[in-house]
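Worksheet: the structure to be examined is printed underneath.
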Amino acid sequence: MNPILYAPKETDFSALGLGMLPDCITCQVTEERNGPYELEMQYPVDGAHYGEITTDSLIKAKPNETAELQLFRVYHISKPINGVVTINAEHISYRLSHVPVSPFSAGSCVGALAGLVSNSAVEHPFSVWTDISSTAYFKASFPASFRSLLAGSEGSVLDIYGGEFEWDNYTIKLHAHRGRDNGVTILYGKNLIDVKQEESISDVVTGIYPYWADSDGNMADLPEKTIVVESGYAYPRVVPVDFSQDFDAQPTTEQLRAAADEYMKNPSIGKPSVNITVDFVQLWQTAGYEDIAGLERVVLCDTVSVRFSRLGVDAKAKVIKTVYDCLANRYSKIELGEAKATIADTIVRQQAEIEKAQDTSFLEQAISAATAAITGASGGYVVLNPSEHPQEILIMDTPDINTAVNVWRWNSGGLGHSSTGYNGSYSTAMTRYGEIVADKVTAGTLNGSIIRAGRIQAPNNANVYFDLDAGELACTQMVSEYGGRRFDLFLGDLNMGDGNKYGLTLSVSNLPMMKIVPDYASDSVDMRFASGQSVRFWQQGIFIDSGSETVFGVRGDSVDIVPMINMGTGTGMDASVIGIWPDGSLEPAIVSNKPTWIGWKTVDGNLNATAIFKGSEISFFAPLNMNGHSITNQSDVRLKDNIQPADVDAVALINAIDLKSFDWLETGAHQRMGVIAQQVAEVAPELVDVGEDGVYSIKPLEFIPYLIRAVQQLSGGMEAARKVEYSDPYSKAEKTAFIQQIQNKRKKQKGVAEDANIKNR
């Protein structure tokens, strides 16, 4: 059908406007599932209406086989090339991008869509419709465009409620499922010409950074910052996610973490997307195949089967993109994606439909949706078939049986509806034998002697179900008769007889593997394993026992601080303890009465430590890079006594040190100049240290006073003029008190570390 041109401000589209465009060279409409919806036309500069086509002009064209003519607004006209221009136009619904909406909130999909209309800041002709009955909290916190709140942004209607959009001129329809599975099969040797599979990880997300923020600049996030799932990717793929619309006030850490955990349940997290582009003969568009039109026709969002054994392709996939030739009245391209089965041994992205808890009953919602659907119907054609001596009543979207797509058929066999034509599949039906066939049945009360079901599932949570075929039960809560105690996320056998305690036993083949036992007296919970190990969680911390001793623990003296991590055996102070005291009364410390090494072991088990902590001493066995920071040495006068002028001949001492060049045996590196520690020990033994392993080392900080003295000696007569004499202002009693203060502080640190011993908690 030829497109029709209208002036930019035209409002009456029942006439031909500025005229039809029979002289256009090409005209095609491309529509993607919940994506772009555009028209592209090539038009000659000598065409009858070339001078009337401007940006903002309206073009009315047929977008697919079943829809009514749709309006497209011109937004770009290319420069003439060889006497031809390319005209790009977007669907009239894009006009909503320039319709601002005031802030509002809603509790359901119906309410959210209605709120977009009622809170629009400018007048417009658009209306909304949906068959999605689920409820969830929607909030537009700031003024935003109508279309962005519909889709394309976090927290949009599509983001919260899911679904599939149908843009019908000035009516915006959000279907729970726009398409159907009509049983159409694209098969090699039948109608399949070519198939191409593409996998992409560009949009893969394996983790999120959840946060909350308000208009005043306040922000809240998690202490751990991110939540990441295990994946096979080379590096985490983390994106920030704003949960501001989920909370009216700043959430607690637990509330934010719970919201983030729920978000991460999306099955598409960590999964690549797989698209299949299929080139196939659309038999319903081929002469001689008109009789199978209702059986083979596919439209956007329909689900079809694709089989090509040579490539290992056997999958169900959804139609995600169509390109329709408006002049030839046929599809020129159909693209399939979001496959629901394994395709050539790849992982497939699946659409996640996460619905929130419902505020109204299903019956109320179903009645509302049915009322909206029936009262909003645009009519149809009532046909008696055959016209003479009719045997059935038909209600169709066209008067012709051969072209009708949506058909209600009522005869002596029953009443049914087909969305695939007169001879199609009747997926909604009531037969004369008392059978009711439907995708969804909603009732206030359902009575029956026997209810047969394969799977009973919660309407708003796919993870809560009772699979009668497999004998599987999945739930988030089990409530006991003992005071209404509740057990969350339980798997396995629930045993309630552990003395006076109640808990959970997880077993495999009747072999207890783990037991969870709450101790209500101490407000703690033990996780005990078959190996004898246990993990105890309580208000003050977390401890892990190997069966006979504690091997790891975290203890907090208040809700906000974690002052101690015990890394030892748990017996006395044989443990190495890392202490953290954030209250300011104590300094951080590493407490141990045994050498504590930082480093690693070689394959043969030999120690290759980078550093060893020995009481107040730290020994390094690798180059020490301070990264611009300094090394300090205590030199406080309050720590010294019997202070006298130095009488060391530093120049003579320095001259007595024999400088050598040498090679290092371990590395083979050559050093042009250095000292021999044993030779320095003969000259000045106070400048040399001998380690526990017998290795001689130089004390570089001890060299500094000698170097200063040597410079003073070499300065000659300038020494007296430049030297500043210092007299000790502190008494012996003041010094003793100062040293006692330091010792008390160290003793207190050690006492806290000993108190952190888990066995004595």
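The values are calculated or read from the model by the stated rules, or taken from the named source; none is laboratory data. This is a predicted model, so every value here is computed, not measured. Here the Cβ is made from the backbone with ideal geometry for all residues, glycine too, and neighbour counts use every protein chain on show.
Give the stretch 4-31 a look and list any residue that's aliphatic (A, V, I, L, M), crowded, with 21+ Cβ neighbours inside 10 Å and touching a residue at least 40 places away in the same chain (Cβ under 8 Å), or say none. Write out each step before concluding.
At the first step, the residues of the stretch 4-31 found to be aliphatic (A, V, I, L, M) are 4-5, 7, 15-16, 18, 20-21, 25, 29.
Those still in the list that are crowded, with 21+ Cβ neighbours inside 10 Å too: 5, 21, 29.
Leu5, Val29 - these are the residues of the stretch 4-31 that are aliphatic (A, V, I, L, M), crowded, with 21+ Cβ neighbours inside 10 Å and touching a residue at least 40 places away in the same chain (Cβ under 8 Å).
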Strands (runs of 3 or more DSSP E) within the stretch 132-206 that include 2 or more residues at pLDDT 90 or above = 135-140, 164-168, 171-175
Restricting attention to the stretch 621-656, and to residues there that are over 30 Å from Thr736 (Cα atoms) and surrounded by 12 or more Cβ atoms within 10 Å (Cβ to Cβ), which single residue is modelled with the lowest pLDDT?
-> Phe621
Look at the stretch 636-678 and say how many of its residues are assigned to a loop (DSSP other than H, G, I, E, B) and under 55 Å from the mean Cα position of the chain (by Cα).
-> 6
Odd one out for Lys660 among (1) at pLDDT 85 or above; (2) within 30 Å of Ser727 (Cβ to Cβ); (3) of a type in the set (D, E, K, R) | (2)
Return yes or no: is Val184 in contact (Cβ under 8 Å) with a residue 12 or more places away in the chain, crowded, with 18+ Cβ neighbours inside 10 Å and closer than 14 Å to Val319 by Cα?
-> yes
Mind checking which strands (runs of 3 or more DSSP E) fall wholly inside the stretch 58-131 and carry at least 3 residues that are more than 29 Å from Ser14 (Cα to Cα)?
-> 104-108
Failed condition for Asp131, given (1) touching a His at 6+ places or on another chain (Cβ under 7 Å); (2) without any contact (Cβ under 8 Å) to a residue 40 or more places away in the chain | (2)
Got a number for residues in the stretch 32-69 being more than 37 Å from the chain's Cα centre (by Cα) and not hydroxyl-bearing (Ser, Thr, Tyr)?
-> 20
Do we have Ile59 as under 25 Å from Lys333 (Cβ atoms), at pLDDT below 95 and not basic (Lys, Arg) here?
-> no
Positions within the stretch 418-436 being over 18 Å from Thr303 (Cβ atoms) and not hydroxyl-bearing (Ser, Thr, Tyr), in sequence order | Asn423, Ala429, Met430, Arg432, Gly434, Glu435, Ile436
Of the residues that sit in the stretch 665-708 and are of a type in the set (D, E, K, R) and either exposed (fewer than 13 other Cβ atoms within 10 Å of the Cβ) or touching a residue at least 40 places away in the same chain (Cβ under 8 Å) (or both), which one is farthest from Asp647 (Cα to Cα)?
-> Glu666
